[in-house]
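The values are calculated or read from the model by the stated rules, or taken from the named source; none is laboratory data. Only a predicted model underlies this, so the values are computations on that prediction, with no experimental measurement involved. Don't worry about glycine lacking a Cβ; one is built from the backbone with ideal geometry, like all the others, and counts go over all protein chains shown. These accessible areas exclude ligands, DNA and RNA; they are computed on the full protein's heavy atoms, side chains included. Shrake-Rupley method; radii C 1.70, N 1.55, O 1.52, S 1.80 Å.
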Amino acid sequence: MCGIVGYIGQKNALPILMEGLRREIYRGYDSTGIVIYDNNNDLVCVKAVGKLESLESKLDNYQLEGSLGLGHCRWATTGTVTEANAHPHWDCQKNIFLVHNGIIENYKELREKLIQEGHKFSSETDTEVLSHLIEKYFENSLEEAVRKALREVRGTYGLAVISKKDPQKIVAARLSSPMILGINGNEFLVASDPSAILTYTRQIINLDDNEIAVLKPDDFFILKEKPLTQIEWTLEEAEKGGYPHFMLKEIMEEPEAIENAIKGRIMAQEGLVKLGGLESVSERLRKINNIILVSCGTAHYAAMVGEYMLEEYAGISSKTDVGSEFRYRKPIVNEKTAAIFVSQSGETADTLAALREMKGKGILTLGITNVIGSSQVRESDAGVYTRSGPEIAVASTKAFLGQLSVLAALTVYLGRQRDMSLVMGQRIVSELAKLPKLAKEVLKSALEIEKIAKKYKDFDNFWFIGRKYNYPIALEGALKLKEISYLHAEGIGGGELKHGFLALVDEDFPTIAICPSDSVYNKMISNIEEVKARKGKVIAVATKGNEDIKKIVDDVIYIPKTLEMLTPLLSVIPLHLFAYYMAVLKGHDIDKPRNLAKSVTVE
Ligand code: AGP
């Protein structure tokens, strides 16, 4: 962490820079430096190793007068503590002088390239590549050269630069490192920290990421540079790939969605999960003791499964809510709360509003998102991509699997930060790694499921029942059927049947029971018997090898065995297929069902 200060105006810049450095010296004090555009139109640079006093004593030998200058105090990251490595850094012709706070990650390859192009470097630092890149792109406008240079840079920066070729101007830019502008009538300052310029003004502007400010003696303006976002998806992926509908293609991609969501994130030996998108907040996450998961529609059901996982395996008190309710409630949150927002599109208005509410209260906000660069990604503090690829059909399917996979991984990530054992971590991540293959097995029952859909195509009402981890899957199954087949379907917890819902059960109201062989299986069997006792027809989603269930229900769709907490990632697939085939039988527009939109960007 270094300190930057800059001044342009009518006064002599040097005392202002030194005052600023005095106040920022806590940010780094292994070496310091200043550059002044003096009254002879020369750029005079003075640097010194050690504390500010060493620079002050060097400056005693200079009569530096000029109303434009930059200052820097360094905390070495790349390059040892030497005068040459102190800032400001300059280009080959000493026309451009730059101070920087941050790290240029790809400086080695940039330096190699610039040296091959003939640039001469005078320091070991990562920063110096910036002044040479700006030199490379300089035509007549400093801000244009800075804009082009920064496009090649990967890393973090707060920087300020001046140039003899486009004098009477400071150009400042920010990506992740703090950068503020100070406005005082027609004099302007830049700094890493407000304390450096408080003596001169209380009016500041916090530069946002990817903003470039241009300060001139009588005015300033800010350019917003939109970062390039690399779309990983191929055109093929965004096409139907030979399937009659995007929805069927996306259901068939559900095993891959699990695979993509966990790829490179599982450390099987250590029973750990690596989530790069959370690194910046991992220490803060260690301190949280309650989680709120907010989302809408299908994403809400994924969040509900996450709630069960986080409570049972990470030991964190968790609760879920839908965005449209949460944004108007008065949720009890505190500094140990983390708010997780789940959204495929990252643009759902109700979820975003809830996110802004939590952000406004200083709550840690995390996003689980599929669409790269979407608002939720840009506005949340940190997050995890589901990497499900483009999801075109309005009815969300593979993105749901991506969300469940990320929530399972997050559970291990947070659990292992707490008291989840190595053995339990290893068990969950090794089962997670098997799921893509097991999901492929489930898809092999597609034709069977189509037959079952044909058998039940004339029924207008369906119950979906499930318990514990599969209660949210019952809700999801019902939503999918409603969305695209326009049939009445309700998802409920198996235990709720006798509290009223049973009244509707008869031979015309089939029930789909999600009952893998888990800790609540016997309870589900009692619920199925309650339905059967009222002549209700039952289609069961059960664990392969469970032959007994065939004796109780009308139809069975089998899924492979896995950990209880991971069964939703298999049990939902037959429900997505059932809904799809029902809608096909009804001849509806599968990918663009009536009255719905892929991303609900309005309240
Ligand atoms: C699901 O099939 C629907 N398209 C809808 O419920 C959707 O899940 C909801 O609108 C949330 O969308 P999001 O994940 O993009 O935020």
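Sorting Ser517, Ser67 by accessible area (1.4 Å probe), largest first, what list results? Write out the running numbers ahead of the final one.
On the way: Ser517 55, Ser67 30 Å².
The ranking, largest first, comes out as Ser517, Ser67.
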Note, ³J(HN,Hα) from phi for the range 255-266, Karplus 6.51, -1.76, 1.60, rounded to Hz, x at Gly and Pro: x, 5, 5, 5, 4, 5, 5, 9, 4, x, 10, 9
Separation in nanometres of the label points that stand 7 Å from Cα toward Cβ, at Asp460 and Ser141: 6.6 nm
Over 21 Å between alpha carbons, listed pairs Lys249/Lys274; Lys535/Lys561; Lys164/Lys216; Lys398/Lys586: Lys249/Lys274; Lys535/Lys561; Lys398/Lys586
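Add +1 for every Lys or Arg and -1 for every Asp or Glu among the other residues with Cβ under 12 Å from the Cβ of Thr80, and state the total.
Here the count lands on -2.
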With DNA, RNA and ligands ignored, accessible area of Cys45 (1.4 Å probe; Å², nearest 10): 40 Å²
Rounded to the nearest 10 Å², the accessible area of Trp75 at probe 1.4 Å: 140 Å²
Distance (nanometres) between label positions extended 7 Å along Cα→Cβ at Thr199 and Lys336: 4.4 nm
The range 70-117: C-alpha gyration tensor shape, a/c 1.5 cut-off, then a/b vs b/c: oblate
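Among rounded, prolate and oblate, which fits the range 1-139 when a ≥ b ≥ c are the square roots of the eigenvalues of its C-alpha gyration tensor, a/c under 1.5 means rounded, and a/b larger than b/c means prolate? Display every interim value, and only then the final one.
Working: a/c = 2.02, a/b = 1.35, b/c = 1.50.
Oblate shape, in that a/c is at least 1.5 and b/c is the bigger or equal ratio.
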Probe 1.4 Å, protein heavy atoms only - accessible area per residue of the chain in square angstrom: 40 Å²
Amide proton proximity set for Arg467, modelled H, under 5 Å, gap of 5+: Gly494
Nonlocal amide H pairs with Ala213, under 5 Å, H built at 1.01 Å: Ala172, Ala173, Leu223
³J(HN,Hα), Karplus 6.51/-1.76/1.60, whole Hz, each residue of the range 515-532, x for Gly, Pro: 9, x, 6, 10, 5, 10, 4, 4, 5, 5, 4, 5, 5, 4, 5, 4, 5, 4
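Could you work out [θ]222 nm for the chain from helices alone, using -39500 (n - 2.57) per DSSP H run of at least four and dividing by all its residues? Round to the nearest 500 deg cm²/dmol. Don't skip to the answer; put the middle values down first.
Numbers: 19 runs with 213 residues, N = 603.
Taken over the chain, the calculation gives -11000 deg cm²/dmol.
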Amide H partners (placed H, <5 Å) of Leu68, local residues excluded: Ala13, Tyr37
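Count charges around Tyr486 for me, please; just the other residues with Cβ under 9 Å from its Cβ, Lys/Arg as +1, Asp/Glu as -1.
Details: positive: Lys482, Lys586, Arg594; negative: Glu483.
Combined, the nearby Lys, Arg, Asp and Glu give +2.
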3J(HN,Hα) from dihedral phi, the range 115-126, Karplus parametrisation 6.51/-1.76/1.60, rounded to Hz, x for glycine, proline: 5, 4, 8, x, 6, 10, 9, 10, 8, 9, 7, 6
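If you take every residue apart from Met524 with its C-beta less than 11 Å away from the C-beta of Met524, what net charge results, scoring Lys and Arg +1 and Asp and Glu -1?
In short, 0.
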Percent carbon-and-sulfur accessible area, the range 345-473, ignoring ligands, DNA and RNA, probe 1.4 Å: 54 percent
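Which of rounded, prolate or oblate describes the range 411-465 when judged by the alpha-carbon gyration tensor and an a/c cut-off of 1.5? Could the numbers behind the result be given before it?
Working: a/c = 6.32, a/b = 2.37, b/c = 2.66.
Judged from the Cα gyration tensor, the range 411-465 comes out oblate (a/c at least 1.5, b/c at or above a/b).
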